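Have a look at the structure below before the remarks.
The values are calculated or read from the model by the stated rules, or taken from the named source; none is laboratory data. As the structure is a prediction and not an experimental result, all values here were calculated from the model. Backbone-built Cβ (ideal geometry, glycine too); neighbour counts: all protein chains shown.
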Amino acid sequence: MRKLAILLISLVYITMMSCNNNQAEHEHSHESEEHNHESELSHNNEDTHDHDHSVEENQNLEEEHDHKTEESEEHQHDYKTAKVAFEPFHSIIKTSGELKLSTSGEFVLTAPSAGIVYYADQSLSEGTSLKAGQNLFYISGEDLVDNNVNIRYNQVKSTYDKAKSDYERAEQLVKQNIISEKEFDQAKMVYLNAKSEFDIMKKSASGKSSVKTPSKSFIKEFYVEEGQYVEAGEKLACIINHQKLRLVAEVSQKHFQKLSDIESATFIPAGSKKAFDTHELNGKLLAYGKAINTESYYLPIVFEIDYHKELVPGSFAQIFLKGKQSSEKQVIVPKTALIEEQGNYFIFVEEGHDQFHKHPVTLGDDDGEQAVILDGLKGNETIVTEGTYFVKLASMSSALPAHSHSH
């Protein structure tokens, strides 16, 4: 019995030890799997990190490339070159002056009849551009309730009816030699005057009369308001004709002997960099002063030119009066070719493909568009005529901008 108990205890002990060993092996295997899984995750994370880092580097490279491309494009500015002109040049008188309206350029519109004023377009205002024949106002006598107007109308109508009857009667009598030609002419004159007054009064008392623009123009000023009563002949508005302007130059009396040689002019309006030529605006010289008045020591020279939307009447301008051409040829360049540095002038001369050298030059006369070069060029060079500022920047950064020839 004792041996049986010892045997049972031994079996239980062996069984417990076996279970503990299996559990230990299972835990060890699980730990190994976890370790292997962690290693795999760590490896995958490293791969992902490396991949993300590579993508980020590529993006940075692309952004850097785009940035360089943008910077490169920013410096891609167009410039033009041309041969230096060698030709005669006008004598130039530099002065100033003013743009004015032509004497026929300003119109005052008046009421054709008495009545109430109505605007044809409620959007009309000072500065509005108008077409030829455009309606501006209507003058209506339909809504007049003033007894004086009605009385006046009846009086004018009565006078007209009597004058008409007398004229028709005189017309029959003169044929029968009952009255003289003088008496007939007098009756006819009374009738025509009465008819003219009646026609005007009839428009005031009934119906509408319109006021139209005589030509293409714009509104300078209104003199009446909507709903205002006006008499016949009263001012309604002032309009400015778009067709002609005048350029009035004021010239010092020291140039008096040269005034007879003036043929045309170029001018640059105040606040603008654009030069206009009187020839291109169909301009003609109207007159120049031949005497000094007591109010000014300058002589006026007047050109009439076509209207241009960039020219404002009343504005001042820098004017270059052109005399006769010189007999000898000179080196001429456009003013856009010049670079100014501290009062000195330079021109970029082409010495090879996309290779330029900055030449100092001495200026002579200029007409606002072209300048005479007294020294620094021979007359057969190819120079930069437009985009000189960008060529200057490019030469400083050793990167030339885009190039287009203009010969």
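Among (1) part of a strand (DSSP E or B); (2) touching a residue at least 60 places away in the same chain (Cβ under 8 Å), where does Ser327 come up short?
(1)
If you take the residues of the stretch 322-333 that are within 26 Å of Lys284 (Cβ to Cβ) and of a type outside the set (A, V, I, L, M, F, W, C), which of them is nearest to the chain's Cα centre (by Cα)?
Out of the qualifying residues, it is Lys322.
Of all residues being in a strand (DSSP E or B) and over 35 Å from the mean Cα position of the chain (by Cα) in the stretch 357-398, which is surrounded by the most Cβ atoms within 10 Å (Cβ to Cβ)? Just the residue, please.
My answer is His359.
For the stretch 200-216, which positions are outside any loop (DSSP other than H, G, I, E, B) and modelled with pLDDT of 80 or more?
Of everything in the stretch 200-216, those that are outside any loop (DSSP other than H, G, I, E, B) and modelled with pLDDT of 80 or more turn out to be Ser210, Val211, Lys212.
Hey, can you tell me all the residues within the stretch 350-362 that are closer than 10 Å to Glu381 by Cβ and in contact with a Ser or Thr (Cβ under 7 Å, 6 or more places away or on another chain)?
If the condition is that a residue be closer than 10 Å to Glu381 by Cβ and in contact with a Ser or Thr (Cβ under 7 Å, 6 or more places away or on another chain), then Glu350 is the only one that fits.
Report, by residue number, each residue of the stretch 327-356 that is under 11 Å from Phe89 (Cβ atoms) and surrounded by fewer than 14 Cβ atoms within 10 Å (Cβ to Cβ).
Once the filter is applied, which keeps residues that are under 11 Å from Phe89 (Cβ atoms) and surrounded by fewer than 14 Cβ atoms within 10 Å (Cβ to Cβ), the stretch 327-356 yields Ser327, Glu328, Lys329.
Contact list please: Cβ distance under 7 Å, first residue in the stretch 188-202 and touching a residue at least 60 places away in the same chain (Cβ under 8 Å), second residue of a type in the set (Phe, Trp, Tyr) and in a helix (DSSP H, G or I), pairs at least six apart or on different chains.
What qualifies is Met201/Tyr153.
So which residues in the stretch 217-229 are closer than 16 Å to Ser123 by Cβ and assigned to a strand (DSSP E or B)?
Answer for the stretch 217-229, where residues must be closer than 16 Å to Ser123 by Cβ and assigned to a strand (DSSP E or B): Phe218, Ile219, Phe222.
Scan the stretch 235-292 residue by residue and report those that are polar (S, T, N, Q) and buried (at least 16 other Cβ atoms within 10 Å of the Cβ).
Asn241, Ser264, Thr266, Thr278
Run down Leu136, Leu99 and say which single residue is farther than 23 Å from Ala232 by Cα and in contact with a strand residue (DSSP E or B) (Cβ under 7 Å, 6 or more places away or on another chain).
Step by step, each of Leu136, Leu99 is checked, and only Leu99 is farther than 23 Å from Ala232 by Cα and in contact with a strand residue (DSSP E or B) (Cβ under 7 Å, 6 or more places away or on another chain).
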